Amino acid sequence: MVLPNIKAVGEVSFCCEKTSDGAWCQNAPEIQCSEEINPATGEEFRAVPTSCEATGYCKLGCCYDSQEGTCMENTPESVCNKEGGIYSRESASCDPNLVPQCSLGCCIIGDQAAFVTQVRCKRISALYGLETIFKTDALNELQCLASVTSNEKGACVFEKDFEKTCQLLTQKECEKLGQDSQGTNVEFHQGYLCSAEELGTNCGQTQKTTCVENKDEVYFLDSCGNIANIYDSSKIKDKPYWTKIMSKEESCGADSGNANSKSCGNCDYYLGSTCKNYDRKIDNKPDFGDKICRDLGCNDADFLAEYERQPLHGEAWCASNSNGIDTPGTEYFRFVCYNNDITIEPCDAYRQSLCVQSESNGGFKTAACVKNRWEDCIVQDNEKDCNNTDKRGCVWIANGDIKDNKPQYVCAPLIAPGFEFWNPEGTSQDTCSLASTECIAKFEKGLLEGTWECKENCQCCVDDGIHKGCKGGDWLNMKENFCQSLGDCGIKVNYIGEKGYAKIEEVLKCNGETCWGEYFSKVIKNIKAATRSTTGR
């Protein structure tokens, strides 16, 4: 803190190294000079009857802080020493030619810049946990700041062929245009459009629109062919809208994809639209220009019937060729709508993976093929482990047996897997045999001729009018359910509705001969029905 000189009329002025009220290097009466001990020298603070400019200890110089990397101009030596700095008498203005530690450069800190010393740059970078980027090619602070804003766009105004014109460029591109002598009197106006009236260029408003490479939106064009703001038919003659660059968030329909909108070109690929040429067969006619936010959704009759709308761009859902149960040949598929087209991705064969579908609060659907974790279901012997969905996909079901008057349960796959049941070297026989059971019911001849009365293991048979007293309806159903849950086992029909036979040659007979052609034509027909081809919008 530097106070005005303190003088008393008629008294000799001294240069007080420090005054009694704490000021440094002040011209004042001797009585106002501090008599304290200077901790830096171990002696009293100095005071001599002369002006401070004539002393050595109060001569102004440059004080360099080696910890912070800062240089303080016009600082007395005493003050510099007190602050722990390095004092230099060579230049009170900290001229970097005389005090090299004070040489300045451009310190890049993220998207910001500062014109400071190299030590200061390291200090700031360390505070923000960033890599030190120090450049010495900037001659002044303006050039330094321009180096981090050079990618900002704006109106590059220049004279060409005796006319004031404009291009929408980055600051860096505009500076290069001036260096290449492609124009004279080059000026950059950050954030402005070339159609801004105050720039006085030959670029004006139009009703033309365009698509821009690597961008989703529809943009206005000015009369010089420069991109303007996002197309908004309500702004066609709005001067402020044609003056400064507006962000996507400031433009029409910022929270929507604006698919097929006649008035707004704020398309969004992730919300299902992008800039395309207007097609009168599928698009609404835009109010101005010939570009529109094309809807990237798809057409699918089954999806429409089930969800009462068409699938959106990026949406995925599940489908299966199943007839409601996991019969032999049943597989799962993932359908994806992308850029107006639907692709069909089959999950692993034999139901080794399944399609699982979910949706967001807005009803947007996602789907994925996930592993069918059925392998260790049969070895689980308690309900808790069986139903542990974090480890397996199983279900705890009754198997029809009774023990100690209690129904018995087993752990079975929730989704029955498939396998090559026709392959004698496969595992199908071993897997299906796990559900094989034998129960012998005993009968006595009934009172009525031709009838029999069940006397033992009556849960194993069914009362058919001849065999009386049988109670095996539920038992048989539970046994069959367990058998079929293990995989392609038991009495089943396949996914096209054909029942199985003991021998593959008996799959289908035509006049006593196996009709493979007819059989496989049915297979192919049903596969096509399950994985139907779709057309985009």
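Listed values, structure above:
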quantity: Estimated FRET transfer efficiency (residue 118, residue 238; beta-carbon r; R0 41 Å; 0.05); calculated: 0.25
quantity: Positive minus negative residues near residue 266 (Lys, Arg vs Asp, Glu; Cβ under 15 Å); calculated: -2
quantity: Point-to-point label distance, residue 176-residue 212, nm (Cα→Cβ direction, 7 Å offset); calculated: 1.7 nm
quantity: Value of [θ]222 nm, deg cm²/dmol, for the chain, DSSP H segments ≥ 4, -39500 (n - 2.57) each, nearest 500; calculated: -4000 deg cm²/dmol
quantity: Rounded, prolate or oblate (a/c below 1.5 giving rounded, otherwise prolate when a/b exceeds b/c) for segment 265-420 by Cα gyration tensor; calculated: prolate
quantity: For the chain: span of alpha carbons on each principal axis (Å, largest first); calculated: 153, 72, 39
quantity: Binned Cα-Cα distances of segment 149-293, short to long, each 5 Å bin given as a whole percent; calculated: 2, 11, 19, 21, 17, 13, 9, 5, 3, 0
quantity: Inverse mean reciprocal Cα-Cα distance (Kirkwood Rh) of segment 13-99, Å; calculated: 13.2 Å
quantity: Spacing of the two label points (7 Å from each Cα toward its C-beta) at residue 433 and residue 54, in nm; calculated: 12.0 nm
quantity: Filter on 403/492; 135/160; 172/262; 215/235; 160/215; 371/492 - keep pairs with C-alpha separation over 26 Å; calculated: 403/492; 135/160; 172/262; 160/215
quantity: Proximal charge balance of residue 408 [Cβ under 15 Å; K/R count +1, D/E count -1]; calculated: -2
quantity: Potential lengthening between residue 139 and residue 308 on full extension [0.36 nm per residue; Cα-Cα distance subtracted]; calculated: 54.3 nm
quantity: Distance-filtered residues of segment 42-67 - backbone nitrogen under 11 Å, label point 7 angstrom along residue 12 Cα→Cβ; calculated: 48-50
quantity: Charge dipole (segment 13-99, unit charges on Cβ, about Cα centre) - positive-most of 52, 79, 16; calculated: 52
quantity: Residue 223 paired with residue 162, simple spin-label distance in nm, labels 7 Å along Cα-to-beta-carbon; calculated: 1.9 nm
quantity: FRET efficiency for residue 255 and residue 95, using Cβ-Cβ distance with R0 set to 56 Å, rounded to 0.05; calculated: 0.50
quantity: Estimated FRET transfer efficiency when R0 is 35 angstrom, pair residue 364-residue 396 (beta carbons, to 0.05); calculated: 0.55
quantity: Whole-angstrom Cα spans of segment 40-176 along principal axes, big to small; calculated: 73, 40, 19
quantity: Relative packing of peptides 336-343, 35-42 - highest average C-beta neighbours within 10 Å first; calculated: 336-343, 35-42
quantity: For segment 436-485, radius of gyration divided by Kirkwood radius, i.e. Rg to Rh on alpha-carbons; calculated: 1.06
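Just so you know, all these numbers are worked out from the coordinates, no wet-lab data involved. What you are looking at is a predicted structure, and each value in this text was computed from that prediction instead of being measured. For neighbour counting, all protein chains shown are included, and Cβ atoms are generated from backbone atoms with ideal geometry for every residue, glycine included.
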